[in-house]
Amino acid sequence: MYFPSRCFTVVLFFTGLSLMIPHPSVAQETTIPILTENNALVLRAGKNGDLGVIFLGRKLSNAAEYDEVPGMFRQGDDYTNSLNAAYTPSGARNLLEPAITVTHSDGNNSLDLRYVSHRFTKVDENVSLLSVELKDPVYHFDVTLFYKSYYREDVIEQWSEIRHREKGNVLLQKYASANLYLKGDRYWLKQYHGDWAREMQPEESQLTHGIKTIDSKLGTRANLFQSSSFMISLGTPATEDEGAVFYGSLEYSGNFRVDLELDYLNNLRIIAGINNYASAYTLKPGESFVTPVFLYTFSDKGKGVASRQLQRWARTYKLVDGNGDRQVLLNNWEATYFDFNETRLAELIKDSKKLGADLFLLDDGWFGNKYPRNDDRAGLGDWQENKIKLPNGISSLVREAQNTGVKFGIWIEPEMVNPKSEFYEKHPGWVVKQPARAEHYFRNQLVLDLSNPEVQDFVFGVVDHLFTENPTLAYIKWDCNAVIYNAYSTHLRNQSHFYIEYVRGLYRVLERIRLKYPKVPMMLCSGGGGRVDYAALKYFTEFWPSDNTDPAERIFIQWEYSYFYPAVSSSNHVTDWGKQPVKFRTDVAMMGKLGFDIVVSKLSENDLRFCQEAISNYKSLKDIIWHGDQYRLVSPWESEFASLMYINPERTRGVIFNYLVSSRYGSGSKLPVKLKGLDPARKYRIREINLYPGISSLIEGEKSYSGDFLMKVGFNPQVNSGRTSVVLQFEEVL
Ligand code: DGJ
């Protein structure tokens, strides 16, 4: 009775049609498979219109057999016929965590949603959109579920649109983006927690019955303590090359909530969306509420495949210019902090050129006059050049950079304000704070009320003014260092809309910026990785993973980000954090988008030469690192060293980064590292690059090996306490 067998199966995917399929008037079951190259998500509407998820995994050869799937499970009774609901309504038959909870205009709390019709639209040869209409049989209340599938990348983006035509307003108490259902005998959650300088700390544990919630209530800098990216392994924890694994991530920069509910039948219900904490949403008749997107992919061949799928997808469909070029930059933050002037910056600009960088990035501290930004206690919000530090303004620095032959970029934090600022004095009402409570600060600052269109104009104006005054400005670092305390907007009538309206305001500003400046590289920074999600990354070329640039830490942080984000999006800077030599620091930073934040003039002659050569090596390899396939070969969590490899799509060239991560006696690469993704029939020559001046390599660079050998036996990079960082370049020998 739970999964009856008489069915009406519709397989229309990739037929080039946009077709609306109404529910047949004679009650029939309708099966809706969403197919990608390797996977399938299959929905089915029962005779009574209940829409459920009946399959999520590696796709079947014969789509007609999806209808047989439910009958193979004998896990017990679903008393509600809705445990596997594609979007669980609450207050009617539901007994578990809902995806949507509403209070109707008449005060009634019950909702039921039944399938009405669905429509497949082909967006292009790779992308399709399925929309499924659901309706409450009693109330004029509708939900459309959207599933955008990327065939080659095996990625699905899912979101919902909620509408009603009731007599008065409806209160949305919960309004998830997606509701999925996984079947397995055991479920292993890999989740991420953190704080400043400790981003993306992984934890993997077996889910037990009940609900595990991953969420954020921080408003801004929403990922500071938790990331909305997670993975679920089915059966046993997936490895790089084995096991079934589901990756999920909410594309949203505000409060999020992911509920993972292991139900009494031992299936996993995943409900992800905006966090409804303090955010009951009043929806007027005729208005629609569109949720953010929940993103997911699946692999039955381990985490490596899933990452490469997601990385490819991100470069092609999300990041600004994800398949384009990037610049190596020199940043002055750690070189000067707030203590600089025009002369000092002119020297640093020259140093950028000397180093071989393409761009100089001026960080925090360039603004504020009545309250100069000489530390983080004052000046934020006053975006006028400080007349003492920069008497000739930003434009003279841009000119200086131009004359030197490098580009110029600048740091801003336009969503924030120090109470000690002219801005705050003029616009106390534009700041997020409770009217009758004491202010509470995060890094001595408060958040601007981006729900207010006037504030949106102001924030857009900060960026627009910089570009209008300096048309050759070539890079923006957009920082966001505070969370929201005392959430309250003088602009909004309904304070329960505040967190949502803040994020909408932020996206409106970013949208305007991108409309006017479509390609300018922008770094998404949030005191480190406090805001890393694909909704924000749609407007950015890269993100700042962490202020912690100690390479011993970065190996781990970058490793974990790499599960979800491509190397081209990870800004890695060489700084003075950590005790490792400059070679080690540079090698680690080279695994993504390379930058520097050091005092070039203080480098020894050999250190400088090393950096210059490393940049030149990087430039010859950057296309592979940024746009090639990445393989995590040896995990720093499980071994005395770490090894990561990048290879071009033609499988002819690549690079392998190897680092010692243990300081114990005798640590190193005792066993060869098995390479991946090579062509077994081709021959490859491997040679060591990024050698420190005067040091010769132990690697015999002239020998060649078959791809077969390198993948079955492997290659030893000879990492040890005397060779703590080894970069190997390989290419096909013809
Ligand atoms: C936090 C960022 O993460 C740093 O890189 C730097 O830009 C500072 N803010 C500046 O205040």
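The values are calculated or read from the model by the stated rules, or taken from the named source; none is laboratory data. Remember, predicted model here, so these are calculated numbers, not experimental data. We place every Cβ from the backbone using ideal geometry, glycine too, and count neighbours over all the protein chains shown. Accessible surface is based on the protein model in full, side chains and every heavy atom, while ligands, DNA and RNA are left aside. Shrake-Rupley method; radii C 1.70, N 1.55, O 1.52, S 1.80 Å.
Filtering segment 96-107 to residues that are under 17 Å from Arg165 (Cα atoms), in contact (Cβ under 8 Å) with a residue 12 or more places away in the chain and open to solvent by 20 Å² or more (accessible area, probe 1.4 Å) leaves Thr101, Thr103, Ser105, Asp106. Within segment 488-499, being under 25 Å from Tyr441 (Cβ atoms) and surrounded by fewer than 20 Cβ atoms within 10 Å (Cβ to Cβ) holds for Tyr488, Thr490, His491, Leu492, Gln495, Ser496, His497.
Counting only residues that are of a type in the set (A, V, I, L, M) and assigned to a loop (DSSP other than H, G, I, E, B), how many does segment 92-138 have? Total satisfying the criteria: 8.
If you go through segment 468-482 and keep only what is over 21 Å from Trp333 (Cβ atoms) and in contact with a Lys or Arg (Cβ under 9 Å, 6 or more places away or on another chain), you end up with just Thr472.
Residues in segment 706-730 that are in contact with a Lys or Arg (Cβ under 7 Å, 6 or more places away or on another chain) and either over 18 Å from Ser643 (Cβ atoms) or aromatic (Phe, Trp, Tyr) (or both): Ser706, Phe730. Within segment 574-589, being touching a residue at least 60 places away in the same chain (Cβ under 8 Å), open to solvent by 10 Å² or more (accessible area, probe 1.4 Å) and not in a loop (DSSP other than H, G, I, E, B) holds for one residue alone: Lys583. Scanning segment 543-562 for residues that are touching a residue at least 40 places away in the same chain (Cβ under 8 Å), over 21 Å from Gly248 (Cβ atoms), more than 13 Å from the ligand (Cβ to nearest atom) and open to solvent by less than 10 Å² (accessible area, probe 1.4 Å) gives Pro551, Ile555.
State whether the residues of segment 226-243 include one that is surrounded by fewer than 23 Cβ atoms within 10 Å (Cβ to Cβ) and under 24 Å from Val432 (Cα atoms). Yes, segment 226-243 contains a residue that is surrounded by fewer than 23 Cβ atoms within 10 Å (Cβ to Cβ) and under 24 Å from Val432 (Cα atoms). Keeping to segment 442-484, report how many residues are surrounded by 13 or more Cβ atoms within 10 Å (Cβ to Cβ), assigned to a loop (DSSP other than H, G, I, E, B) and more than 16 Å from the ligand (Cβ to nearest atom). Qualifying residue count for the region: 8. Entry remark, segment 380-408: residues being surrounded by fewer than 16 Cβ atoms within 10 Å (Cβ to Cβ) and either hydrophobic (A, V, I, L, M, F, W, C) or within 12 Å of the ligand (Cβ to nearest atom) (or both) number 1 in total. Which of the residues that make up segment 518-531 are touching a strand residue (DSSP E or B) at 6+ places or on another chain (Cβ under 8 Å), part of a loop (DSSP other than H, G, I, E, B) and within 12 Å of the ligand (Cβ to nearest atom)? Passing the criteria: Cys525, Arg531. Residue selection: Tyr646 fails the criterion of being away from the ligand (no atom under 16 Å from the Cβ), within 23 Å of Leu348 (Cβ to Cβ) and open to solvent by less than 10 Å² (accessible area, probe 1.4 Å).
Against the definition (more than 23 Å from Glu287 (Cβ to Cβ), among the hydroxyl-bearing types (Ser, Thr, Tyr) and in contact with a Leu (Cβ under 8 Å, 6 or more places away or on another chain)), how does Tyr187 come out, yes or no? Spelling it out, Tyr187 is indeed more than 23 Å from Glu287 (Cβ to Cβ), among the hydroxyl-bearing types (Ser, Thr, Tyr) and in contact with a Leu (Cβ under 8 Å, 6 or more places away or on another chain).
I need a count of the residues in segment 139-149 that are part of a strand (DSSP E or B) and open to solvent by 10 Å² or more (accessible area, probe 1.4 Å).
Of the residues in that region, 3 qualify.
No other residue among Ser249, Ser228 is under 20 Å from Ile557 (Cα atoms) and assigned to a loop (DSSP other than H, G, I, E, B) apart from Ser228. Per the listing Leu510, Leu515, the residue uniquely open to solvent by 10 Å² or more (accessible area, probe 1.4 Å) and either within 14 Å of the ligand (Cβ to nearest atom) or free of Cβ contacts under 8 Å to residues at least 60 places away in the same chain (or both) is Leu515.
On the given criteria, is Thr36 more than 18 Å from Gln173 (Cα to Cα), β-branched (Val, Ile, Thr) and more than 34 Å from the chain's Cα centre (by Cα)?
no
Scanning segment 409-441 for residues that are within 16 Å of the ligand (Cβ to nearest atom) and in contact (Cβ under 8 Å) with a residue 60 or more places away in the chain gives Gly409, Ile410, Trp411, Ile412, Glu413, Pro414, Glu415, Met416.
Residue by residue, here is whether (1) outside any loop (DSSP other than H, G, I, E, B); (2) hydrophobic (A, V, I, L, M, F, W, C); (3) in contact (Cβ under 8 Å) with a residue 60 or more places away in the chain; (4) not assigned by TED's automatic domain parsing to the domain that holds Pro636 holds:
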| site | (1), (2), (3), (4) |
| --- | --- |
| Leu172 | yes, yes, yes, yes |
| Tyr181 | yes, no, yes, yes |
| Leu189 | yes, yes, yes, yes |
| Trp196 | no, yes, yes, yes |
| Glu204 | yes, no, no, yes |
| Lys217 | no, no, yes, yes |
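Mind checking whether some residue in segment 271-279 is touching a strand residue (DSSP E or B) at 6+ places or on another chain (Cβ under 9 Å), within 19 Å of Glu157 (Cα to Cα), open to solvent by less than 20 Å² (accessible area, probe 1.4 Å) and assigned to a loop (DSSP other than H, G, I, E, B)? Yes, segment 271-279 contains a residue that is touching a strand residue (DSSP E or B) at 6+ places or on another chain (Cβ under 9 Å), within 19 Å of Glu157 (Cα to Cα), open to solvent by less than 20 Å² (accessible area, probe 1.4 Å) and assigned to a loop (DSSP other than H, G, I, E, B).
Would you check if Ser669 is in a loop (DSSP other than H, G, I, E, B) and open to solvent by less than 20 Å² (accessible area, probe 1.4 Å)? Yes, satisfied. Pairs needed: first member in segment 472-492, small (Gly, Ala, Ser); second member anywhere, within 16 Å of the ligand (Cβ to nearest atom) and assigned to a loop (DSSP other than H, G, I, E, B); C-beta distance under 8 Å; at least 6 residues apart or different chains. Cβ pairs passing all conditions: Ala474/Pro521; Ala482/Thr220; Ala482/Arg221; Ala482/Tyr441; Ala482/Arg443. When Ser253, Ser205 are screened for being surrounded by 24 or more Cβ atoms within 10 Å (Cβ to Cβ) and not β-branched (Val, Ile, Thr), only Ser253 passes. Looking at Phe540, is it more than 16 Å from the ligand (Cβ to nearest atom) and modelled with pLDDT of 95 or more? The answer is no for Phe540. For segment 593-615, a residue qualifies if it is open to solvent by less than 30 Å² (accessible area, probe 1.4 Å) and either assigned by TED's automatic domain parsing to the domain that holds Ser725 or part of a loop (DSSP other than H, G, I, E, B) (or both), and the qualifying residues are Asp597, Ile598, Val599. Filtered by the rule that a residue be surrounded by fewer than 16 Cβ atoms within 10 Å (Cβ to Cβ), acidic (Asp, Glu) and either in contact (Cβ under 8 Å) with a residue 24 or more places away in the chain or more than 17 Å from Ser669 (Cβ to Cβ) (or both), segment 679-730 gives Glu702, Asp708.
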